[in-house]
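> Starting off with a structure, shown below.
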Amino acid sequence: MNVPNLLTTIRFILIPVYVAVFASGHVMWAFAVVLAAGLTDILDGHIARIRGLVTRAGEMLDPLADKLMMITVIISLMVAGYIPWYAALPVFIRDAGMIVGSAVFHFRGKRTVPANAMGKLTTVMYYLAILFIVCRFDFAIAYLWFVIAFSFLTSGIYIVKVRKLNRVSQAGREKLESGA
């Protein structure tokens, strides 16, 4: 257990904290919990890269914590009537698909691509969408749809990169096995 993985663990702990605060009717405080989770995400990534503390577990758990928090937030906003179910559904499908896909790749020994600038931008855009939604801005749902579309675009790019990386890795392994 290193500092970045400890910060990721804190993000997992913040999920039920968020639910409790949101369920008690303190929506802006709940949003503050989400922001705290976002800050731990920034910190753990920064510390891991600067200090060379990137671990296989961290590579798997970090995005899992992010996706579970986002799924939790979106479902809570839907249940509370802040967003329609048909806006929550694509977010849920995308994030659940990313969780399952990453797990399958991880347990099959396949490689995944680290978060890139577009993925980080998507996260920031989701945070803004959540802020706009809880503040009940008129354009909030339209902006959420824009972010959903952008997130599917970034997911598509991510999937292409992962497939390419694993094709190259597989070709390299086959070359080594054939003795070439």
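> Subtracting the Cα-Cα distance from 0.36 nm times the residue separation, let me have the gained length for residue 118 to residue 149 in nm, one decimal.
Gain on extension, residue 118 to residue 149, equals 9.9 nm.
> Whole-Hz ³J(HN,Hα) for each residue in segment 92-105, computed from phi via Karplus 6.51 cos²θ - 1.76 cosθ + 1.60 with θ = phi - 60°, x for glycine and proline: what do you get?
Ordered by residue, 3J(HN,Hα) equals 4, 4, 4, 5, 5, x, 5, 5, 5, x, 5, 5, 4, 4 Hz.
> Next question. Give the accessible surface of the chain per residue, rounded to a whole number of Å², with probe radius 1.4 Å and ligands, DNA and RNA excluded.
So the chain comes to 58 Å² accessible per residue, rounded to a whole number.
> Using Cα centres only, tell me the gap between segment 126-162 and segment 56-92 in whole Å.
12
> Right, next: Please report the equivalent ellipsoid semi-axes of segment 29-124, computed as sqrt(5 x eigenvalue) of the Cα gyration tensor, largest first, in whole Å.
25, 18, 10
> Sticking with this structure for a sec: Give the residues of segment 109-139 whose amide nitrogen is closer than 13 Å to a point set 7 Å from the Cα of residue 163 in the direction of its Cβ.
From segment 109-139, the list is empty.
> Then there's this: Using Cα pairs under 8 angstrom and six or more residues apart, how large is the relative contact order of the chain, in percent?
Reported relative contact order: 20 percent.
> Here's another thing I want to ask about it. Which percent of the accessible heavy-atom area of segment 1-142 goes to carbon and sulfur, probe 1.4 angstrom?
Here carbon and sulfur together make up 73 percent of the probe-accessible area.
> While we're looking at this one, here's another question. Eigenvalues of the Cα gyration tensor times 5, then square-rooted: what semi-axes does that give for the chain, in whole angstrom, largest first?
32, 20, 13
The values are calculated or read from the model by the stated rules, or taken from the named source; none is laboratory data. This one's a predicted model, so the numbers in the text were calculated from it and none came from an experiment. Every residue, glycine among them, receives a Cβ derived from its backbone with ideal geometry; neighbour counts consider all protein chains shown. Surface accessibility is based on the protein's heavy atoms, side chains included, excluding ligands, DNA and RNA. Shrake-Rupley method; radii C 1.70, N 1.55, O 1.52, S 1.80 Å.
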